[in-house]
Amino acid sequence: MIPDALADQLRAQAVPFSLPEPVSVSARVLRHETVSQTYRRLVLEAPAIAERAQSGQFVMVTVPGAERVLLPRPMAIHRRRVDDGTIELIYGQVGRGTRILSQAEAGSSLLATGPLGRGYSIPDGPGPILLMGRGIGICAFMTVAEDARTRAIPAVAVLSARTAQRVIGESDAAELGVQAIAVHDANGSSEIAAVEQLLEGRFDTLPPRAIFVCGSSRLALLARRLGDRWGSMVQVSLEAHMACGLGYCHGCAAPMRSDPASEGPLVCVDGPVFDLRGALK
Ligand SMILES: Cc1cc2nc3c(=O)[nH]c(=O)nc-3n(C[C@H](O)[C@H](O)[C@H](O)COP(=O)(O)OP(=O)(O)OC[C@H]3O[C@@H](n4cnc5c(N)ncnc54)[C@H](O)[C@@H]3O)c2cc1C
Ligand code: FES
């Protein structure tokens with residue numbers, strides 16, 4: 001359910017985007033490894049998806065094996081490496097699908113359809129970019145950092161989690177030249193007021209041209225507030241239960257508390273990335 005405070009913002013147009021044609025491929029599992037106590041990383045050979053994928057897009061992955069799981073599961077494309085022809089996914093084991101997925105062996109193949117959805121786009125203009133994510137949501141925006149590096153745009157990332165061990169993305173940030181600020185609940189550094197104060201101090205003199213956020217509605221609201229303060233574009237990636245990922249089933253329509261009679265945007269095709277503030281002021 002989308003918080004009331006975000007509902008009106010979601011009426012805004014999705015981020016303008018020219019969508020690449022998705023493909024369905026049998027992707028070989030090149031690596032499948034534990035990232036932390038909580039997460040696993042899948043590196044898939046999928047050159048056709050890697051070369052098409054734009055930042056913030058996702059794939060629908062069919063769970064393999066005899067224990068039949070009918071619907072594919074949506075997963076953000078955490079990294080894409082066109083030269084290697086690979087995409088990287090990081091996932092947490094939450095239910096039956098991801099439990100079975102965790103047994104996929106290197107050398108086996110998974111059916112993956114993508115890239116899907118409307119992703120993030122870095123606007124032209126002055127200033128760095130700011131990434132803000134929590135938990136597994138961080139996987140939605142590391143491809144933005146890839147694009148920022150290609151365009152020589154400085155990037156700062158707030159990586160939030162319950163504990164220091166659960167913070168995702170520090171090694172990616174280091175590889176991509178992103179200044180990472182890891183915060184977590186265990187020491188209180190992830191408190192919204194603390195993050196707000198830290199970012200105001202960091203960006204008030206040179207505001208970011210855009211803020212990219214995923215994984216926490218509290219961070220999304222903070223991003224909105226900071227975007228208003230700085231005049232920065234704010235793009236948020238949402239999650240929803242998805243059956244098809246293609247715009248057919250309408251199962252992912254974002255329910256709008258402020259207007260329950262009308263169907264909200266479809267997270268899979270109108271999003272998952274939405275513009276929270278409209279065009280850059
Ligand atoms: C665009 C998009 C990108 C995503 N990217 C990632 C990713 O990079 N890594 C990752 O780990 N997960 C990601 N997810 C969430 C992931 O798809 C679900 O965790 C997964 O489908 C759960 O499948 P399951 O069969 O294990 O769990 P299920 O048995 O289907 O559900 C188990 C529990 O997880 C909850 N759940 C299931 N799907 C979602 C969802 N979409 N959002 C919130 N809660 C859910 C259920 O309510 C239930 O409590 C993404 C979701 C979307 C929509
Ligand atoms: S998941 Fe089917 S319409 Fe979005």
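The values are calculated or read from the model by the stated rules, or taken from the named source; none is laboratory data. Note that this is a predicted model, so its numbers are computed, not measured. All Cβ positions, glycine included, derive from the backbone under ideal geometry; neighbour counts span all protein chains shown.
From the list 160, 237, 189, the one residue that fits, being within 16 Å of ligand 2 (Cβ to nearest atom) and modelled with pLDDT of 95 or more, is 237. Suppose we keep only residues that are out of contact with any Pro (no Cβ under 8 Å at 6 or more places or on another chain) and polar (S, T, N, Q) within the stretch 37-85. Which one would you say is surrounded by the fewest Cβ atoms within 10 Å (Cβ to Cβ)? In this case the residue turns out to be 37.
Please specify each residue of the stretch 203-225 satisfying the condition of being over 29 Å from residue 240 (Cβ atoms) and surrounded by fewer than 17 Cβ atoms within 10 Å (Cβ to Cβ). Passing the criteria: 204, 205, 206. Considered as a group, the residues in the stretch 240-276 that are away from ligand 2 (no atom under 16 Å from the Cβ) and surrounded by 20 or more Cβ atoms within 10 Å (Cβ to Cβ) include one that is modelled with the highest pLDDT, and that residue is 275. For the stretch 158-177, give me each residue that is part of a helix (DSSP H, G or I) and of a type outside the set (Gly, Ala, Ser). Matches in the stretch 158-177: 165, 166, 170, 172, 175, 176.
Could you check, for the stretch 192-200, whether at least one of its residues is out of contact with any Ser or Thr (no Cβ under 9 Å at 6 or more places or on another chain), closer than 29 Å to residue 80 by Cβ, hydrophobic (A, V, I, L, M, F, W, C) and not assigned by TED's automatic domain parsing to the domain that holds residue 58? Yes, the stretch 192-200 contains a residue that is out of contact with any Ser or Thr (no Cβ under 9 Å at 6 or more places or on another chain), closer than 29 Å to residue 80 by Cβ, hydrophobic (A, V, I, L, M, F, W, C) and not assigned by TED's automatic domain parsing to the domain that holds residue 58. Of the strands (runs of 3 or more DSSP E) entirely within the stretch 27-145, those holding at least 2 residues that are not assigned by TED's automatic domain parsing to the domain that holds residue 235 occupy 39-45, 58-61, 73-76, 79-81, 86-92, 109-116.
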